[in-house]
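The structure under discussion appears below in the form of structure tokens.
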Amino acid sequence: MSIFRPALTGPLLGLLFCSPPVSTPAPAQATGKPSLLVFITVDQLREDYLEKWRGQFTGGFKELLDGGAFFTNGHQDHAITETAPGHASTMSGRFPRSTGITRNISGGVNGDPNAPLIGVTGLSASPFRFRGTTLTDWLTTRDGRTRVLSVSVKDRGAILPIGRSKQAVYWYPAGSFTTSKYYADTLPAWVTAFNARHLPERYAGRAWELLLPEANYPEPDSVPIENQGRGSVFPKLLPDDSSRVAQVLPGTPFMDEVLADFALEGLERLNLGRGPQTDLLAVSFSSTDYVGHSFGPDSRELHDQILRLDRALGRFLDSLYKLRDRGSVIVALTADHGVMPFPELSQQRYSPPPRRVNVRPAVTAARAVLSQAGADTAAADLESGALVIERNRAGVTPALVNSAADSFVAVAKRIPGVLRAERFGTLANHDLGTDHIARRWVQMFPPDVPVEAVIVLTPGSYWEPFSIALHGTPHDDDSHVPILFFGAPFKPGRYTRFVRTVDIAPTLAQVLGAPPTEPLDGRVLTEVIK
């Protein structure tokens, strides 16, 4: 996330509201090769959410935790723990240094002039920056009949799990589902018909109320720093205007319900999971990210969002198993990143106490070096803790780059709240087995990205300009995510060893008999395979 401009796009829940005056199916039984893989990503799902609220789950989380193989020490093992890099690594089995997806803004899916949206306004989107292959490619190489559907509210959440494959990929940019010209010239009839049902608009005037009695929520209901002090108490009223509610729905738990309905509709219309090949349904739920950014991980709102997502997942799985034989379905679940609490609410959680940090003086120092030499100062920019200096800009020379980067590091080291500032090229000299911060930076960028230096704040600290809850650092609060496998091929249980999200794809490939077509960073998690 740039320190100068937010990488977050879409509505933020709390700015939209004002304060007002399942039963669990039986375990799966093996019936042969899986005919359907359901790959679920929950945007901004910290692993500890599944631990501390497990006793309140009655839906999908409960089923997957009770009957699945749950890795409790899973990590997005790269430094910029944002949505785009996280989604690109899970089904590719490769770190951002290999996928080329390094950041949400300049390293994400937007900016392809050949991929405008179909039928709506919004940012063009495609996997034009993505490098290499994913599990989708391995499946279709093994069996050309494999069909794939990938859906999300966010473009990067729908696009990046399947890489460059031109399959059925849809997201929700402006109140309805669509795709870009990269994938199709027109929307298929089933998507048009689904949009014509106007499901999001049916939530107009509805209130987001607590799912459980208030006594089940230890978090305070009104915390001034949450959501900039606006709409911070329950119940929360949605707009009465139907078109407006369709725009803001992603910032509520109700969008997860609509997305699940869309995924099931696509499953049926595309005839996924009927064999004999293995098909793939990828669903990325985004509302937890929107709620988490607005209210933070310690909020009552986030607590209720996770409980409601549990119920939505339960209904989704129940409906799925009515449509397809549960014994032929396998499920994998993970997250693209975690999140850190607001510094003001976590003073006792970290040492030293976290703070909001202004690192602009370090960038100013780098640009001053360029300016004094008559070079283009816009060549230097800081995004997501990485200082990039574009060497092809006017007046920029290798010696000048080194001088500017050294100046950046020297000034950054003196700024209170900065844990580390270092030239990128020196990070590989550390013991990458024990220095997880250095390792995650080394695994972040391909050689052709001109990163000259990196900066890491103390745990729990925020970049100063932001009022929303943040993620994107190499610290464990942002990297620690659940990794879960469910279905007949897997050994249920709780697994505590350190694993990475890049291990998911090779593990699924092993189960599905779809060998990767290129070298991977991930390893097969053999202990969970029967």
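Residue count for the stretch 451-481 under the criterion of being of a type in the set (A, V, I, L, M) and over 16 Å from ALA362 (Cα atoms): the result is 4. The set of residues from the stretch 312-323 being surrounded by fewer than 21 Cβ atoms within 10 Å (Cβ to Cβ) and either under 10 Å from PHE57 (Cα atoms) or of a type in the set (D, E, K, R) (or both) comprises ARG315, ASP318, LYS322.
Results for (1) surrounded by fewer than 24 Cβ atoms within 10 Å (Cβ to Cβ); (2) modelled with pLDDT under 95; (3) within 16 Å of the chain's Cα centre (by Cα), shown as yes or no for each residue.
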| position | (1), (2), (3) |
| --- | --- |
| LEU65 | yes, no, no |
| THR72 | yes, no, no |
| ILE80 | no, no, yes |
| ALA84 | no, no, yes |
| SER89 | no, no, yes |
| SER98 | yes, no, no |
| ILE105 | yes, yes, yes |
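Could we say that ASP298 is surrounded by fewer than 24 Cβ atoms within 10 Å (Cβ to Cβ) and of a type outside the set (A, V, I, L, M) here? So ASP298 fits the description; yes.
Only helices (runs of 4 or more DSSP H) whose full extent lies in the stretch 164-273 are considered here, and the ones with at least 3 residues that are crowded, with 16+ Cβ neighbours inside 10 Å and of a type outside the set (S, T, N, Q) are 242-248, 254-269.
Among the residues of the stretch 470-516, those that are of a type in the set (Gly, Ala, Ser), in a loop (DSSP other than H, G, I, E, B) and within 24 Å of the chain's Cα centre (by Cα) comprise GLY472, GLY487.
The values are calculated or read from the model by the stated rules, or taken from the named source; none is laboratory data. Because the structure is predicted, anything quoted here is derived from the model rather than measured. Here the Cβ is made from the backbone with ideal geometry for all residues, glycine too, and neighbour counts use every protein chain on show.
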